[in-house]
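For reference, the structure discussed in these notes is given below.
Computed from the coordinates by the stated procedures, all read-outs in this text should not be read as laboratory data. Everything numeric here is computed off the predicted structure, so don't read it as measured data. Methodologically, a virtual Cβ is constructed for each residue, glycine included, from the backbone with ideal geometry; neighbour enumeration extends over all protein chains shown.
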Amino acid sequence: KLENWKRQDNNQAEFASLMAALIGVPFPLNSVEIIPVDILNTSDLFKAESMFANAVQILEQFKVKMTRKKEATLSFLFTPLK
């Protein structure tokens, strides 16, 4: 009696961010996964706050990696992303 159920595959790596969002702890360090909000049965506000926190974390990681790359590259060879 499972013919009406639709299978939904998720990457194993996505579950670390998902579990962190669900229990209300910071996202795992160096996590670049996107929270699979489509499988959450929560309010739209919770989904929006979780996606925002996830995006801020990924942005901060990008900034750190860009700074490290800039410091390790000759200045005339480094072109930052716009």
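General remarks:
- Cleavage-rule hits (trypsin sites (Lys or Arg not before Pro)) in the stretch 1-72: DSSP loop, at most 15 neighbouring Cβ within 10 angstrom: Lys1, Lys6, Arg7
- Across Ala55, Ala72, Ala20, mean-square fluctuation computed from a Gaussian network of the chain (C-alpha pairs under 10 Å connected) peaks at Ala72.
- With Cα atoms, 0 to 90° folded angle of helix 14-23 axis to the chain main axis: 70 degrees
- Charge tally for Phe27 (other residues, Cβ to Cβ under 11 Å; Lys, Arg +1; Asp, Glu -1): -2.
- Folded to 0 to 90 degrees: helix 44-72 orientation relative to the chain principal axis, Cα: 20 degrees
- Read-out P(r) over Cα pairs in 5 Å bins from 0, in percent, derived from the coordinates shown; its label in (i) 3, 14, 18, 22, 18, 13, 8, 3, 1; (ii) 2, 13, 20, 16, 13, 11, 10, 7, 4, 2, 1, 1, 0; (iii) 3, 11, 11, 12, 12, 10, 8, 8, 8, 6, 6, 5, 2, 0: (ii)
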